[in-house]
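The values are calculated or read from the model by the stated rules, or taken from the named source; none is laboratory data. Predicted model, so just to flag it, every value in this text is computed and none were measured. Glycine gets a Cβ as well: all are built from the backbone with ideal geometry, and neighbour counts include every protein chain shown. These area figures cover heavy atoms from the full protein model, side chains too; ligands, DNA and RNA do not enter into them. Shrake-Rupley method; radii C 1.70, N 1.55, O 1.52, S 1.80 Å.
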Amino acid sequence: MVGILRFFCWKGENLLNGKIKVINRVMFAVSALILAASLVFYLFKWGTYPAEIGVHFDGGGNFDVTASKFYGFYPHIAGGIITAGLWFAVFLIGRKKTGMRITEKGEEHFKAELSLTLDCIALLVSLFFGNWSRCVALQIPLDLSFARLAALLIAVTAVIGVISQIMTCSIHRLKEKKTASS
């Protein structure tokens, strides 16, 4: 993450007001487009569905729950809520101080790393729910390899984000002034 941040910034630039903000907007737009496209595709297929369709999958990727076709909106709603929540968190990160005992530059890096991490997770969540929606729309089994890969990538992204933020905090920690004790 630190290398990515160095690539996207230059001296004196506020990371969250520069290229990181552009990356945030692009990734949010892509996430929103994935969910919107899956919704449009589901609505396009609406007339071909019977009254009840498969809407949930078991551990083998096959449908284990059938319900009204209105329940087919669940992946869109869940994916949209999670993506919007992550985007709102990124929005707040840019406007609030962390309150940590790190330098101003460290705070800037920490917030940029956190924003990038959440953006990546939002994109992966959108891909996961978009795939789920596609399977419901086509009434086909869930591709478990894709679902597992998405879950693994979300976990790896979170771990890399946490590690980079810990490193940033340790590198940019404020030095305590030694007081003379008499």
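In the set ILE160, ILE166, only one residue is without any contact (Cβ under 8 Å) to a residue 12 or more places away in the chain and in a helix (DSSP H, G or I); that residue is ILE166. Looking across the range 66-75, the residues that are part of a helix (DSSP H, G or I) and out of contact with any Ser or Thr (no Cβ under 6 Å at 6 or more places or on another chain) come down to LYS69, PHE70, TYR71, GLY72, PHE73, TYR74. Can you find, within the range 17-67, the residue that is nearest to SER145 (Cα to Cα) among those that are of a type in the set (A, V, I, L, M) and in contact with a strand residue (DSSP E or B) (Cβ under 6 Å, 6 or more places away or on another chain)? The extreme case among them is VAL55. Evaluated against (1) open to solvent by 70 Å² or more (accessible area, probe 1.4 Å); (2) at pLDDT 90 or above, SER181 falls short on exactly one condition, (2). Only residues that are buried (at least 18 other Cβ atoms within 10 Å of the Cβ) and not hydrophobic (A, V, I, L, M, F, W, C) were counted in the range 30-68, giving 4.
Only one entry in SER170, SER145, SER133 is closer than 19 Å to ALA29 by Cα and among the hydroxyl-bearing types (Ser, Thr, Tyr), namely SER133. Taking each residue of the range 121-150 that is over 23 Å from ALA84 (Cα atoms) and looking for partners that are exposed (fewer than 15 other Cβ atoms within 10 Å of the Cβ) with beta-carbon atoms closer than 7 Å, six or more apart or interchain, yields PRO141/ASN62. The set of residues from the range 80-113 being touching a residue at least 40 places away in the same chain (Cβ under 8 Å), surrounded by 21 or more Cβ atoms within 10 Å (Cβ to Cβ) and under 11 Å from the mean Cα position of the chain (by Cα) comprises THR83, VAL90.
Of the numbered criteria (1) assigned to a helix (DSSP H, G or I); (2) at pLDDT 90 or above; (3) of a type in the set (Val, Ile, Thr), the one ILE140 fails is (1).
For (1) more than 18 Å from the chain's Cα centre (by Cα); (2) open to solvent by less than 40 Å² (accessible area, probe 1.4 Å), each residue gets a yes or a no:
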| residue | (1), (2) |
| --- | --- |
| LEU127 | no, no |
| TRP132 | no, yes |
| PHE146 | no, no |
| SER164 | no, yes |
| CYS169 | yes, yes |
| HIS172 | yes, yes |
